[in-house]
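The values are calculated or read from the model by the stated rules, or taken from the named source; none is laboratory data. Only a predicted model underlies this, so the values are computations on that prediction, with no experimental measurement involved. With ideal geometry, Cβ positions are generated from the backbone for all residues, glycine too; neighbour counts draw on all protein chains shown.
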Amino acid sequence: MQDSFFDSTEKLLSEVSSPALIRKIEHGGDTTAMWSSLEASGFGDALVPESAGGAGLTLSDIGSVLFSIGRHAVPLPFAHTLLARAWLNDAGLALPKGAVTFAPFQVDKSGDGVTARAVSFGKTTDWVLAQKNEDVWLLPVAEASVATSGGYGSVDADLRWPTEVGKRSLIGRWSVDQFQPLLALSMAALIAGVSDRVYEMTLAYANQRVQFGKPIGKFQALQQQISEMAEQVFGARMAVQMACQSNSWRPLPALAAMAKAQTSQAVARVSSTAHAVHGAIGVTAEYDLQLYTRRLNEWARLGGGYGYWAHKLGASVLQCDRSVLDYVRLDLFGEPV
Amino acid sequence: MQDSFFDSTEKLLSEVSSPALIRKIEHGGDTTAMWSSLEASGFGDALVPESAGGAGLTLSDIGSVLFSIGRHAVPLPFAHTLLARAWLNDAGLALPKGAVTFAPFQVDKSGDGVTARAVSFGKTTDWVLAQKNEDVWLLPVAEASVATSGGYGSVDADLRWPTEVGKRSLIGRWSVDQFQPLLALSMAALIAGVSDRVYEMTLAYANQRVQFGKPIGKFQALQQQISEMAEQVFGARMAVQMACQSNSWRPLPALAAMAKAQTSQAVARVSSTAHAVHGAIGVTAEYDLQLYTRRLNEWARLGGGYGYWAHKLGASVLQCDRSVLDYVRLDLFGEPV
Amino acid sequence: MLTALDFTPVPKEELAFRGQIRSFLQEALADYPYHQRARSWMGSSAEFSRKLGAQGWLGLTVPKEFGGAGKGFFSRFILAEELLASGAPVASHWIADRQSAPLLLRYGTDAQRRQYIPKICRGESFFCIGMSESNSGSDLASIRTRAVLNDQGWLLNGSKIWTTNAHQCDYMIALVRTSGEAADRQQGLSQVLIDLTLPGVTRKPIVDLAGDAHFSEVFFDNVQLAADALIGVEGQGWDQVTAELAFERSGPERIYSSMALLDCWVNALREQHVSDSATQALVGGLVAEMAVLRGLSLAVTKKLVDGESPAIEASVVKDFGTDFEQKVIRQVSAWLGSNPDFVVSGDLLKALGYLEQMGVTFSLRGGTREILRGIIARGLGLR
Amino acid sequence: MLTALDFTPVPKEELAFRGQIRSFLQEALADYPYHQRARSWMGSSAEFSRKLGAQGWLGLTVPKEFGGAGKGFFSRFILAEELLASGAPVASHWIADRQSAPLLLRYGTDAQRRQYIPKICRGESFFCIGMSESNSGSDLASIRTRAVLNDQGWLLNGSKIWTTNAHQCDYMIALVRTSGEAADRQQGLSQVLIDLTLPGVTRKPIVDLAGDAHFSEVFFDNVQLAADALIGVEGQGWDQVTAELAFERSGPERIYSSMALLDCWVNALREQHVSDSATQALVGGLVAEMAVLRGLSLAVTKKLVDGESPAIEASVVKDFGTDFEQKVIRQVSAWLGSNPDFVVSGDLLKALGYLEQMGVTFSLRGGTREILRGIIARGLGLR
């Protein structure tokens, strides 16, 4: 994932999504400037075909970009927007200005409007692509009532739209679960990226912090934990690289499921080791670690966690009659029979 | 659990169920002598009322005996027999001579007889108390066809009886799940006991075995694992002590569920730490550790494992409307509202 | 050598006490939401603490002559259990009550006892404990804050960090160097009692990742303490602290930190009639472990009653209990991840969000897992 | 410094090879039960190994001039993957093929290569590796078996233990002391090739807890080796062995040891139409992890193709893979425990019983977890 897209995204995001700016947005700061800078990167339409004014890249081209977005814990749904725009264009719809997130779960249409709960980036997005059964809406957050749905610093929200907005925002009917794999893929990439960041910080701290007369990284118990953390972080990254294998903008559902399951299960270890190594300093508001571990914890369950996506993947394994190796080779690696 | 019953049982079993004798029985050796010695202990009828010729003890009196039976990995269903005899007496039935085990799962009545699969101690028991729905049988193993149902060294078996034996052995109809809690309690006690034994061996080995110039117990990584193992072993023992709290011979079903769940979940860590500390020597046929870890692994799943018993316990928690603390206090500790 | 713990039920005569506490809490904590209860013993309310004091429930085990209730350790267990399981905001008095008063009773002079303990029991004096320094972390023996004997008493210079609640306390009992050098490690450390309103004391609350300020950094710039600020014996501070940790590590505070979340989640499952076996197994597994931990914690309490100093046993309960407390958080989070269409209350999500973030401190406060397991390993004769 | 591994698919031109192997295995392993397949690379059959040799599939990466197939590392990956995933009994030739032949190619003289490698490729010479000694365990540097130079070559005395398959092998390549003392640790160790039929060699199979004898203890009592028994450079044995471990730790043998059980269980679930979400999640979780491990293992293979020596990366795959292999066993066992009324075949229970018992060795063979994680930590710059 070390390619030129990665390098330029890293350079951009270390300025655009700096810890100070993340803190501002977590506390309700305006997102306009950050969004403009993200748009200016040119990656916003990366997955939209050239014929429609985009860059016409494939998912595998921009895997490293999504990973980098995660590394910087960008508090806006930039990764989601890349995929949402590709979906909207594919569906023959005009692309709205601004950030788009997905709401494939906890969407309800009731007498008095549309509700979408626990929406990732619900507080910082401009639009929500929501689906319930076969109904699909593109809902403007500017017209929603917004309530935080997470803990301190969360940018997720419960959103509610009045009836007439709901009606006007219904963009049609599609087969079910349009957005589940898209959300899974974006969240998986973000988790892998932010895990990598947390790991990088942890390794540096272990080498630098001295206790009992030597760097804490010299203690066997911590070495063992950090080694295991490295395995999990490398594994999460590999899962996302694999899930981005696609000749189009669209991820394979089984691969998206694999990646979200695998990255989500890695989170508990990555987060706990990071904090075990950092000790008390890691839980202070001043120190940056918590900006990243907070996202790790939230993202592991948002958009369906390990259990949900493992069950989706497992169902497809049990439905076929291949050996496990052949399922992996054929359905996940795309090798021939 | 260090009481006089424990001391005398320990003394007896270190001779009667020595590693050499366990090996013989694992390889199909005759069980008669071992059984006679066990009977001679006088504990066989411990839970049978004095009026029926037993010792009239309660379950809490003999918790330490069951624990000791586990510590010595007695390859016959001695713990089971104590409870089975109490049940049979309670049911107004005569007590058969010899060992009795329980088969509350995988019992089938079909045209040509009764089948009980994966019966714990199926190869070394004399009788099987089996239940399917409301039918209860007391089946003689001497008249069964017996097939090993486990890995190398297992004394569990699939048993099958011909039609006429099945008919003749049907002892009546009882409400369902008579034997599940009894089996759960006995297995839990055995697991706690054998865990304690495995822990004892591991601690001794860690202090004695030298590598890289010092006892391996001095390495921080192993210390951390052994400390966690100790916690699990103490916890398993506590779970069984709690489950034995009873003024009669019969365990409380919720406590039996708690104990089997808790002891079974401890097994993976106890077994893996024991073998990690022992290294290669621990997996040789000559060395005794494997006689005990083999039972640990089997017993964790036999008679329902962690998942099954945790689900039973959880169902009862969810069915009531108490706070979790009150469920624990009232339903498991027997404290008043 | 550390050996397994034996089951001890709560003595029958102690059981009635719970009812009184519960009636009190039902009124005092009416409408207190789960995400506040999730703060557990990190939540503070001076008013609530004083109310408890008025009930006679601070200094429960302190002899009556010093203003306490003169009750036993099982009563103390029951009170702590009720307070913690209900998520009452106990932080203001918690340390004064559970650690400082016992410490003063054990090592203080009679004058010190009479001066401080009655006020602790009335909820009028709140205490904190100064241990870590900015470069010491878990390595307490490397302490560099120093109190030098002068003609007025002790002149104190240095700083303490991660001091729970220091910015809201009246006094600190600090472990400081009174003789020797940093290289002497445990030698030459003493405990001193510091009035935090003295000139030269500066307190800086540390805001944490959940937006709260449970901890403070406290700076001492030529703070003049009186001669009687010393607690116990000069140079014996390390041993005194070690004994103190046995109290700190033994209680049910190491089991119930995630109870608010667990209760809130279980209630949500009941309300929405969730009854699949996998969910039941998650609930049952947690309840089984909690029951065992309660059994272990009661066994440690029994040892206190018997006059033993179960420091190592307490470390077992703490390490095991911390694992449970963190497991509750992980499993509720995982369950929500497995059921992304299940709608839960904002209260639950906020409680979860809080605990996901702060839960990492459960294995830091009062000794990291590595430290605790090291203590256990020593108890097992491995080091 | 160790960094993350990048995804590399199996090159298109290598894909066809799999079909040939599979047809062969379908015939060779017809009716081979799961509990035998569960032996994985611990199961041995000299006949099967010779059949593979006849196919040209031993020494796959060995140049044709030494009797090999001159193929690349991806072909080798595919062959190993098919053999392991099908649980073929490969133990007889496995070490000769995967470690000894590459070692001889790299460090052997031309004469040594011509003498031994062609026979390895024909399945006529089986090799074992002598590393551990009865008091060394993981501490290989403490080796005490000694080869002393004399006028006929090297005189060997000592013993080796836990040598895989020694009692069924023709040759051992052993790490022994040729100079210095035990206190010199890694210095003065060399690799020597020992004909196990020589006078003075005694082999004693070690029966394991599953009743098999995969390992041996081998005693050397004044065994006279020729001068050309030395492999590589005298005193450089430690470095040679370390390089060799990269080969040993890199392959899919660290992912597929529990495949027989996994396939057998998945088939049982399919046959009995089990479709609750919890079971599906267990299956899917394992498959996801296996896929990632395969990705990591392919990435290591790519590094071999590129001429790198990915010893640390291989340790990552081995440690992570071992965890997966053991997790499969634990989870199938736990699933059966959760479903005590579910009837499975004796074949499955025997496979499970075998793996529950032997699975503990997965984290011992080729380096304990502590050792591997130490290697990784060093690669990360922590030591």
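Can you name every one of the helices (runs of 4 or more DSSP H) wholly within the stretch D:1-79 that holds 3 or more residues which are touching a residue at least 12 places away in the same chain (Cβ under 8 Å) and within 14 Å of another protein chain (Cβ to nearest Cβ)?
Working: elements: D:17-28, D:34-37, D:46-54.
So the answer is D:17-28, D:34-37.
Regarding the stretch D:371-378, can at least one residue be identified that is closer than 21 Å to residue B:290 by Cβ, within 9 Å of chain B (Cβ to nearest Cβ) and surrounded by fewer than 24 Cβ atoms within 10 Å (Cβ to Cβ)? Break it down into steps so the answer makes sense when it comes.
First, pick out the residues of the stretch D:371-378 that are closer than 21 Å to residue B:290 by Cβ: none.
No, the stretch D:371-378 contains no residue that is closer than 21 Å to residue B:290 by Cβ, within 9 Å of chain B (Cβ to nearest Cβ) and surrounded by fewer than 24 Cβ atoms within 10 Å (Cβ to Cβ).
Hey, any hits in the stretch A:170-186 for a residue that's touching a residue at least 60 places away in the same chain (Cβ under 8 Å) and charged (D, E, K, R)?
Step one: filter the stretch A:170-186 for residues touching a residue at least 60 places away in the same chain (Cβ under 8 Å), giving A:171-172, A:174, A:177-186.
If we keep only those that are charged (D, E, K, R) as well, we get A:177.
Among the residues of the stretch A:170-186, at least one is touching a residue at least 60 places away in the same chain (Cβ under 8 Å) and charged (D, E, K, R), which makes the answer yes.
For the stretch D:173-195, how many residues meet the condition of being without any contact (Cβ under 8 Å) to a residue 60 or more places away in the chain and not charged (D, E, K, R)? Reasoning before the result, please.
So in the stretch D:173-195, the residues without any contact (Cβ under 8 Å) to a residue 60 or more places away in the chain come out as D:174, D:177-190, D:192, D:195.
Keeping just the survivors that are not charged (D, E, K, R) gives D:174, D:178-180, D:182-183, D:186-190, D:192.
Selection size over the stretch D:173-195: 12.
Of all residues in the stretch C:348-383, which are in a helix (DSSP H, G or I) and farther than 20 Å from residue C:210 by Cα?
The initial filter retains those residues of the stretch C:348-383 that are in a helix (DSSP H, G or I), namely C:348-362, C:369-379.
Passing the criteria: C:369, C:370, C:371, C:372, C:373, C:374, C:375, C:376, C:377, C:378, C:379.
Among (1) at pLDDT below 95; (2) of a type outside the set (Lys, Arg); (3) at positive phi, which single condition is residue A:56 missing?
Result: residue A:56 fails condition (1) only.
How about the stretch C:229-347: which helices (runs of 4 or more DSSP H) wholly inside it have at least 2 residues that are within 14 Å of chain A (Cβ to nearest Cβ)? Can you show your working first?
On the way: elements: C:237-250, C:259-271, C:277-305, C:311-338.
It comes to C:259-271, C:277-305, C:311-338.
Right, residue B:85: among the charged types (D, E, K, R) and in contact with a strand residue (DSSP E or B) (Cβ under 9 Å, 6 or more places away or on another chain) or not? Please lay out each step first, then the result.
Values: among the charged types (D, E, K, R): yes; in contact with a strand residue (DSSP E or B) (Cβ under 9 Å, 6 or more places away or on another chain): yes.
It is true that residue B:85 is among the charged types (D, E, K, R) and in contact with a strand residue (DSSP E or B) (Cβ under 9 Å, 6 or more places away or on another chain).
Pairs under 6 Å by beta carbon, first residue under 26 Å from residue D:361 (Cβ atoms) in the stretch D:255-277, partner of a type in the set (Ser, Thr, Tyr), six or more apart or different chains?
D:257/D:40; D:260/D:34; D:263/A:323; D:264/D:34
Within the stretch C:300-319, restricting attention to residues that are more than 20 Å from residue C:75 (Cβ to Cβ) and under 16 Å from the mean Cα position of the chain (by Cα), which residue is surrounded by the fewest Cβ atoms within 10 Å (Cβ to Cβ)?
Out of the qualifying residues, it is C:311.
Which condition from (1) over 30 Å from residue A:242 (Cβ atoms); (2) among the hydroxyl-bearing types (Ser, Thr, Tyr); (3) at pLDDT 95 or above is the one that residue D:44 breaks?
(3)
Which ones in the stretch C:167-207 are buried (at least 23 other Cβ atoms within 10 Å of the Cβ) and within 14 Å of chain A (Cβ to nearest Cβ)?
The answer is none; no residue qualifies.
Could you grab me the full set of residues in the stretch D:321-349 that are free of Cβ contacts under 8 Å to residues at least 60 places away in the same chain and within 17 Å of the chain's Cα centre (by Cα)?
Matches in the stretch D:321-349: D:323 only.
Restricting to the stretch A:80-99, give me the number of residues that are assigned to a loop (DSSP other than H, G, I, E, B) and buried (at least 21 other Cβ atoms within 10 Å of the Cβ). Spell out the reasoning first.
In the first step, residues of the stretch A:80-99 are kept if they are assigned to a loop (DSSP other than H, G, I, E, B); the result is A:91-99.
Filter again for buried (at least 21 other Cβ atoms within 10 Å of the Cβ), leaving A:99.
Number of matching residues: 1.
Tally time: how many residues in the stretch B:186-213 are modelled with pLDDT of 90 or more and either over 23 Å from residue B:291 (Cβ atoms) or among the polar types (S, T, N, Q) (or both)?
5
Output the residues belonging to the stretch A:117-143 that are in contact with a Lys or Arg (Cβ under 8 Å, 6 or more places away or on another chain) and crowded, with 18+ Cβ neighbours inside 10 Å.
Residues of the stretch A:117-143 that are in contact with a Lys or Arg (Cβ under 8 Å, 6 or more places away or on another chain), as a first pass: A:126, A:132, A:134-136.
Listed by number, the residues that qualify are A:126, A:132, A:136.
Quick one: which helices (runs of 4 or more DSSP H) lie wholly within the stretch B:217-312 and hold at least 1 residues that are away from chain D (no Cβ under 13 Å), of a type in the set (D, E, K, R) and touching a helix residue (DSSP H, G or I) at 6+ places or on another chain (Cβ under 9 Å)?
Values: elements: B:220-243, B:253-278, B:289-301.
Per the criteria, B:220-243.
Looking at (1) within 29 Å of residue C:5 (Cβ to Cβ); (2) under 17 Å from the mean Cα position of the chain (by Cα); (3) aliphatic (A, V, I, L, M), can you tell me which one residue B:57 breaks?
(2)
Taking the stretch A:148-161 as the search range and keeping residues that are out of contact with any Asp or Glu (no Cβ under 7 Å at 6 or more places or on another chain) and more than 8 Å from chain C (Cβ to nearest Cβ), which one is farthest from residue A:29 (Cα to Cα)? Write out each step before concluding.
Here is the first cut: in the stretch A:148-161, the ones out of contact with any Asp or Glu (no Cβ under 7 Å at 6 or more places or on another chain) are A:148, A:152, A:157-160.
When the remaining residues are screened for being more than 8 Å from chain C (Cβ to nearest Cβ), the result is A:157, A:159-160.
Details: A:157: 15, A:159: 18, A:160: 21 Å.
So, considering only residues that are out of contact with any Asp or Glu (no Cβ under 7 Å at 6 or more places or on another chain) and more than 8 Å from chain C (Cβ to nearest Cβ), the one farthest from residue A:29 (Cα to Cα) is A:160.
Please state which one of D:284, D:211 is outside the structural domain of residue D:345 (by TED's automatic domain parsing), without any contact (Cβ under 8 Å) to a residue 24 or more places away in the chain, closer than 25 Å to residue D:331 by Cα and touching a Gly at 6+ places or on another chain (Cβ under 8 Å). Walk me through it before giving the result.
Details: D:284 fails: outside the structural domain of residue D:345 (by TED's automatic domain parsing).
Answer to the check: D:211.
Which of the residues belonging to the stretch A:201-231 are within 22 Å of residue A:287 (Cβ to Cβ) and either surrounded by 24 or more Cβ atoms within 10 Å (Cβ to Cβ) or in contact with a Ser or Thr (Cβ under 9 Å, 6 or more places away or on another chain) (or both)?
A:202, A:206, A:211, A:212, A:216, A:222, A:225, A:226, A:229, A:230
Restricting to the stretch A:313-333, and then to whatever is more than 7 Å from every other protein chain (Cβ to nearest Cβ) and of a type in the set (S, T, N, Q), can you tell me which residue is surrounded by the most Cβ atoms within 10 Å (Cβ to Cβ)?
The selected residue is A:316.
Mind telling me which of the residues B:184, B:144 ends up being in contact with a strand residue (DSSP E or B) (Cβ under 6 Å, 6 or more places away or on another chain), on the phi < 0 side of the Ramachandran plot and among the small types (Gly, Ala, Ser)?
Details: B:184 fails: in contact with a strand residue (DSSP E or B) (Cβ under 6 Å, 6 or more places away or on another chain).
Going through B:184, B:144 in turn, the sole match is B:144.
Given the criterion assigned to a helix (DSSP H, G or I), more than 10 Å from chain D (Cβ to nearest Cβ), surrounded by fewer than 24 Cβ atoms within 10 Å (Cβ to Cβ) and among the β-branched types (Val, Ile, Thr), identify the matching residue among A:198, A:165, A:176, A:194.
Details: A:198 fails: surrounded by fewer than 24 Cβ atoms within 10 Å (Cβ to Cβ); A:176 fails: assigned to a helix (DSSP H, G or I); A:194 fails: surrounded by fewer than 24 Cβ atoms within 10 Å (Cβ to Cβ).
After ruling out the rest, the residue left standing is A:165.
Conditions tested, residue by residue: (1) outside any strand (DSSP E or B); (2) within 26 Å of residue C:33 (Cα to Cα); (3) more than 18 Å from the chain's Cα centre (by Cα).
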residue: A:121; (1), (2), (3): yes, yes, no
residue: A:128; (1), (2), (3): no, no, no
residue: A:137; (1), (2), (3): no, no, yes
residue: A:150; (1), (2), (3): yes, yes, no
residue: A:153; (1), (2), (3): yes, yes, no
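Of the conditions (1) part of a loop (DSSP other than H, G, I, E, B); (2) under 26 Å from the mean Cα position of the chain (by Cα), residue D:179 clears all except one; give me its number.
Unmet for residue D:179, out of (1) part of a loop (DSSP other than H, G, I, E, B); (2) under 26 Å from the mean Cα position of the chain (by Cα): (2).
Scan the stretch B:17-47 residue by residue and report those that are free of Cβ contacts under 8 Å to residues at least 40 places away in the same chain, among the aliphatic types (A, V, I, L, M) and farther than 26 Å from residue B:147 by Cα.
Answer for the stretch B:17-47, where residues must be free of Cβ contacts under 8 Å to residues at least 40 places away in the same chain, among the aliphatic types (A, V, I, L, M) and farther than 26 Å from residue B:147 by Cα: B:40, B:46.
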